[in-house]
Amino acid sequence: MATEQELAQRRAKWQAAHGQTIDIDEYEDELVAIIEQIAATEKLEPQDITRLLYRVSRGDGPLAKDQLIHSYRELVARGVLPPSRETLARLRTKPVRTISGVAPVTVLTKPFPCPGECIFCPEFSSMPKSYIPDEPGALRAGQLEFDPYLQTALRIRALDNIGHSTDKIELLILGGTWSYYPTDYQEWFIHRCLDAMNGRDSDTLEEAQRLNETAPHRNVGLVIETRPDYVDEKEIVRLRRMGVTKVQIGVQSVDDNILSRNKRGHTVEQTRQAFRLLRAGGFKIHAHWMPNLLGATPQSDLEDFVRLWDDPALRPDELKIYPCSLLANTELYQHWERGEYRPYTDQELIVLVADCKTRVPPYCRINRVMRDIPAGHVVAGSKQSNLRQTVHRVMKARGQACQCIRCREVRGEKVEASTLVLQELAYDTDTTREHLLSFVTPEAGPGRAHPLLAGFLRLSLPKSRPRFLDEVADAAMIREVHVYGPALEIGEEGDGKAQHSGLGTRLIERAVGIAREAGFARLAVIAATGTRSYYRARGFGLGELYMVRDIGG
């Protein structure tokens, strides 16, 4: 683990690179030359850009890319350079951050006790349980003393500085078990995050939500993480009142023996019941699954993974694969010292994850295949930071391809909306009939094994009424509408990008037709605060917890 002195040195180095401003008047000619060369060159490697940035060296290194983007914007404002979305895209740092259509902003809650006693979890007094002080997100949060306003505001500013559109924000609240924190703290935390997006303070959470409907940075998705045994009917209602739209839930395994040996503190049946309640509430379900737990083998893990999809009570919408990392000062470490636990080798893990990805259904998105734990903390086992890329190379060599949503997203490719094909995939859970409606390209994308996915909608048709949600007891439910492409500003034209091509409206109207044919007279949607105006324009009215549209007749 990095010492306090090393962490301070890292902060000082970053601030030295990014905290200075550049005299645009003094360096105007050099800046214009750099920007024009980048704009005129179709493909530049990172090292090529770095060499160009050294033309405006400050003595201790090249010009930072966020400073170059700031300079470009200023030169456009002065009329020195013409505005160009293509130029900004080439200047942008890490475009993948907003390539899925929204800008993700991750914040951490304060350190707080966790009800779990998992043997693999690290615990630091300065961090929420399971987080490590020098993980990138945790490091930022700790520097800001876990203040929700500052974390949100500064993360938005950082994204804006490197050229990303930040008017559509997915807020990811990570930390310990969210549902175990005091309710007052939960509401205050979200309230202050929204205040940061709104650019103004408000007196109540409800006021902050209302202001966010037309704010400069609209919240289009709100994500929390919790445990299966902390999801009940009251929690579903409470999460909706706070504006939550997606729940990350620590499944870890669907084998009761493995759960018990690793002291997870919940059962597979509790996981099933949590999924049922979350689905009834319209939430997107983002499961965490952890291979290489104590007692598992690569073969038993593969069988466990298959159960995620074979069990109709499960079938998550999204998944993070988090191979168990062996860390010092954990109970699992003691098992390892006694020879009772063996971390998988790199090759074992690569083969396992490749085998798992071939079994992922097309309605699920695999968000991660490795947790971002600094390698210095991992005592033994895999330390690969590029596991996804390695797995994809192995799959390609086998003639295989993953069909998960992430691997099919259009990402930076241009598409013509008029050529897209509507695909409909229906599948059952034990409580709903699910429909995934997708607009895809007619042929596989360049270098891809599948047609490109430009947008999709999740429609849930309940098989019985959720008694604790009277507001939507007789309604079909839209759980997600997502149109892909780099995040564009609200009202900006897409120029061949999937966003702003009317795909969302077309998906909603098809969902209306399916729900009506199934006998539903009302269609509800789990709307984030920043999407309310979008749904109002499409016939939905705001209720207590959901937005609802009459579709009878």
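Values in this text are rule-based calculations from the coordinates and carry no lab data. All values derive from a computational prediction rather than experimental measurement. FYI the Cβ positions are ideal-geometry reconstructions off the backbone, even for glycines, and counts take in every protein chain you see.
Proximity of backbone amide H atoms, modeled 1.01 Å from N, is registered between Gln252 and His288, Trp289, Met290 at under 5 Å, excluding neighbours fewer than 5 places apart on the same chain.
Distance between the pseudo-spin-label points of Ser300 and Val351 (7 Å out from Cα toward the beta carbon): 1.8 nm.
Electrostatic tally near Thr531: other residues with Cβ closer than 10 Å to its Cβ, Lys and Arg +1, Asp and Glu -1, net +3. Sorting the segments 80-90, 401-411 by their residues' average number of neighbouring beta-carbon atoms within 10 angstrom, most packed first, yields 401-411, 80-90. What's the center-to-center distance, using Cα atoms, between segment 166-188 and segment 348-388 in Å? Segment 166-188 and segment 348-388 have Cα centres separated by 26 Å. Annotation for segment 285-299 versus segment 392-413: alpha-carbon center distance of 22 Å. Label-to-label distance, Ser84 versus Leu425, with points set 7 angstrom from Cα along the beta-carbon direction: 3.9 nm. The DSSP beta bridges internal to segment 414-550 are antiparallel in roughly 90% of cases. Annotation: cysteines of the chain without a disulfide-compatible partner (Cβ-Cβ under 4.7 angstrom) are Cys114, Cys193, Cys324, Cys356, Cys364, Cys404.
Counting beta carbons within 10 Å around each of Asp167, Asp255, Asp301 and listing the fewest first gives the order Asp255, Asp167, Asp301. Reported to the nearest whole Å, the Cα centre-to-centre distance from segment 502-553 to segment 455-478 is 11. Sequence-distant contacts, meaning Cα pairs under 8 Å at least 6 residues apart, place the relative contact order of the chain at 12 percent.
Extension gain, Glu30-Glu207: 0.36 nm per intervening residue step, less the Cα-Cα distance, totals 59.0 nm. Between Arg241 and Lys414, the modelled label-to-label distance comes to 5.0 nm, taking each label 7 Å out from Cα in the direction of the beta carbon. The chain has equivalent-ellipsoid semi-axes of 35, 31, 25 Å, by the square roots of 5 times the alpha carbon gyration tensor eigenvalues, sorted largest first. Over segment 414-550, Cα pairs under 8 Å with separation of 6+ residues give a relative contact order of 20 percent.
In the P(r) worked out for segment 414-550, what percent of Cα pairs fall beyond 19 Å? Tail of the P(r) past 19 Å holds 53 percent of the pairs. Contact order for segment 100-223, expressed relative to its length and based on alpha carbon pairs under 8 Å spaced 6+ residues apart, stands at 30 percent.
Sorting the segments 265-278, 230-243 by their residues' average number of neighbouring beta-carbon atoms within 10 angstrom, most packed first, yields 265-278, 230-243.
Ordering 439-446, 279-286 by mean Cβ neighbour count within 10 Å, with the highest value first, yields 279-286, 439-446. In this calculation the C-beta distance from Lys396 to Glu517 is compared with R0 = 51 Å, giving a FRET efficiency of 0.80.
Summarising the strand pairing of the chain, around 50 percent of its internal DSSP beta bridges are antiparallel.
Round to the nearest 0.05 the FRET efficiency obtained for Glu337 and Ala449 when R0 = 51 Å and r is the Cβ-Cβ distance. The pair Glu337/Ala449 has a calculated efficiency of 0.70.
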